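What follows is a short report on a single structure.
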Amino acid sequence: MAVSLKQVPRLRPGFRFQWEPAQNTHVLLYPEGMVRLNDSAGAVLKEVNGQRNVADIVAILEQQFPDAGSLENDVSEFLNDAEQQHWIMLT
Amino acid sequence: MTGYHAMPSGDRPGIGPPLWLLAELTYRCPLQCPYCSNPLDFAQTEQELTTQEWVKVLRQGREMGAAQLGFSGGEPLVRQDLPELIAEARQLGYYTNLITSGLGLTEAKVNAFRDAGLDHIQVSFQASDPELNNAVAGSRKAFDQKLAMARAVKEAGYPMVLNFVIHRHNIHQMDDIISLCERLGADYVELATCQYYGWAFENREGLMPSRSQLERAEAEVNSYRKRLTASGSAMKLIFVTPDYYEERPKACMNGWGSLFLTVAPDGTALPCHSARLLPIEFPNVRESSLHSIWYDSPGFNHYRGDSWMPEPCRSCDEKDKDFGGCRCQAYLLTGNADNADPVCSKSPHHDRILAARKAADHATAGLEELTYRNADNSRLFFRG
């Protein structure tokens, strides 16, 4: 299922996104589990706040990483994957 | 973008930080489940750590990189300082899990814990109906209380994880159990087939399902899972298969002293919650810092790496995958914790697993014949 630019992603209840200094990485914490995120996944989830839609997030990231070119596909692909993993909900 | 990373490295080459801290706050518990993993002689445990001592443990663990924290026991709700410990843990940045029977919980506590920052409450059940549940738990009011608390947990907005320990007396209930969880709105359902440590090892013959019982249960879970996927349900079923029916051992705790650090009620630090039964001296948080315990203590270094391994593990090409299995199981079944876990078909002691399977095919013991986990029975074990 493709992610639409107007959809608003937010973390599922019980999921927490945070920076872990000891691991030098962003992680996603959930009941008795933890996913260590790579830099790009961390950068996307950092902007997920239940208010911004996918287009907003893409715009913010393209501003942060001006040399990366269009990020729409990467962001959509990751959010789609994150939804299938039940980390986030898209409304 | 898959989003994953490899494991981090800690303060010593080859030793990662303890990412998972299990705080066993107490061995006291109102229930008497005969599969409890607590030590048989729990009743002789000396003084529990104080609030201040626990706070120190939490701070040291977090500083070392622990991110997941479990409050467990016994029944952690027995500790009056639980709200204080939750608040401290959350403020330190832990993801805090409360692992409870639900007994002693109230709606007010569920909400107070949430306000203190608790992330998740896991409620354990013993069966899908009151009669069997209460018989296994050794408590007449347990089931109704658990139902009420599961609803309160959901109501308060926590993610809901329901845990069932599965054994030969409830393994026929898989459909009913999962459907109960669905009605309660669970996010995760742990169907954990009994592992045989502590009281469960003592009661193994009366708990272990037969292979045909197990196969039926697995098929029921798989077909339920398909129905859930088809209906778009996000409820996840986690079926923990019993290693007694495997041919290769589990990678116990992901390796000795690799991720998990348990602190027992009296401050003993352990690489897993069963390791206390091993003839190894383990350090105590009252005497050493968590950092020196994790990285430098002989107890935690005892089974790190693979130089301790005898044959058949030593020359086995799977030793990096399963680390020779579980040290506690090797000790319980062979008398020597260095041995390969007898679950492995390459183990010279594998016949003990085969004998247990055979016994499970013919077992007839009823629930009333099990040894229930309570202080009176525990005293029998340390008086001998």
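The values are calculated or read from the model by the stated rules, or taken from the named source; none is laboratory data. The structure presented is a predicted model; accordingly, all values stated were derived computationally and were not measured. Glycine also receives a Cβ, built like all others from the backbone with ideal geometry; neighbour counts cover every protein chain displayed. In case anyone asks, the SASA skips ligands and DNA or RNA and just uses the protein heavy atoms, side chains included. Shrake-Rupley method; radii C 1.70, N 1.55, O 1.52, S 1.80 Å.
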Reported set for region B:160-189 where residues are assigned to a strand (DSSP E or B) and either away from every other protein chain (no Cβ under 14 Å) or under 17 Å from B:ARG216 (Cα atoms) (or both) is B:PHE164, B:VAL165, B:ILE166
Report task. Could you tell me whether region B:119-127 includes any residue that is surrounded by fewer than 19 Cβ atoms within 10 Å (Cβ to Cβ) and modelled with pLDDT of 95 or more? Result -> no
For region B:50-61, pairs from a residue that is of a type in the set (Phe, Trp, Tyr) to a residue that is surrounded by 16 or more Cβ atoms within 10 Å (Cβ to Cβ), with Cβ under 7 Å and 6 or more apart or across chains, are B:TRP54/B:ALA23; B:TRP54/B:LEU85
When region B:64-96 is checked residue by residue, the ones that are under 16 Å from B:THR262 (Cβ atoms), within 14 Å of chain A (Cβ to nearest Cβ) and in a helix (DSSP H, G or I) are B:MET64, B:ALA89
Sole miss for B:SER307 among (1) part of a loop (DSSP other than H, G, I, E, B); (2) more than 25 Å from B:PRO13 (Cβ to Cβ) is condition (2)
Counting only residues that are assigned to a loop (DSSP other than H, G, I, E, B) and either touching a residue at least 12 places away in the same chain (Cβ under 8 Å) or crowded, with 20+ Cβ neighbours inside 10 Å (or both), region B:312-355 contains a total of 21
If you check B:ASP115 against the conditions, is it within 20 Å of the chain's Cα centre (by Cα) and open to solvent by 40 Å² or more (accessible area, probe 1.4 Å)?
no
For region B:174-193, pairs from a residue that is touching a residue at least 40 places away in the same chain (Cβ under 8 Å) to a residue that is polar (S, T, N, Q) and open to solvent by 30 Å² or more (accessible area, probe 1.4 Å), with Cβ under 7 Å and 6 or more apart or across chains, are B:THR193/B:THR241
Test result for B:ASP306, open to solvent by less than 20 Å² (accessible area, probe 1.4 Å) and of a type in the set (Asp, Glu)
no
For region B:18-31, does any single residue satisfy the condition of being buried (at least 20 other Cβ atoms within 10 Å of the Cβ), within 30 Å of B:ASP376 (Cβ to Cβ) and within 14 Å of chain A (Cβ to nearest Cβ)? yes
Within region B:111-127, of all residues that are farther than 28 Å from B:MET174 by Cα and outside any loop (DSSP other than H, G, I, E, B), the one nearest to the other protein chains (Cβ to nearest Cβ) is B:ARG114
Considering residues that are within 14 Å of another protein chain (Cβ to nearest Cβ) and at positive phi, the number found within region B:131-159 is 1
Self-check item: Test: residue in region B:201-212 that is under 22 Å from B:ASN97 (Cβ atoms), away from chain A (no Cβ under 14 Å) and crowded, with 16+ Cβ neighbours inside 10 Å
Solution: no
B:ILE99 passes all but one of the listed conditions (1) open to solvent by less than 10 Å² (accessible area, probe 1.4 Å); (2) within 14 Å of chain A (Cβ to nearest Cβ); (3) aliphatic (A, V, I, L, M); (4) farther than 16 Å from B:VAL285 by Cβ; the exception is number (1)
Of (1) at pLDDT 95 or above; (2) under 24 Å from the mean Cα position of the chain (by Cα); (3) over 19 Å from B:ASN254 (Cβ atoms), B:LYS321 satisfies every one except (3)
When restricted to B:LEU270, B:LEU278, B:LEU261, B:LEU290, the only residue touching a His at 6+ places or on another chain (Cβ under 9 Å), modelled with pLDDT of 95 or more and open to solvent by less than 30 Å² (accessible area, probe 1.4 Å) is B:LEU278
Is it fair to say B:GLY102 is under 15 Å from B:LEU31 (Cβ atoms) and in contact (Cβ under 8 Å) with a residue 12 or more places away in the chain? yes
For A:ALA2, the lone unmet condition from (1) aliphatic (A, V, I, L, M); (2) within 21 Å of B:TYR95 (Cα to Cα); (3) open to solvent by 40 Å² or more (accessible area, probe 1.4 Å); (4) not in a strand (DSSP E or B) is (2)
All-but-one check, A:PHE15 against (1) in contact with a Ser or Thr (Cβ under 9 Å, 6 or more places away or on another chain); (2) in contact (Cβ under 8 Å) with a residue 60 or more places away in the chain, failing number (1)
Considering region A:24-58, residues that are charged (D, E, K, R) and part of a helix (DSSP H, G or I), and then whichever is farthest from the other protein chains (Cβ to nearest Cβ), we arrive at A:ASP56
Within region A:8-23, restricting to residues that are open to solvent by 50 Å² or more (accessible area, probe 1.4 Å) and either over 17 Å from B:LEU92 (Cα atoms) or among the polar types (S, T, N, Q) (or both), the one that is farthest from the other protein chains (Cβ to nearest Cβ) is A:ARG10
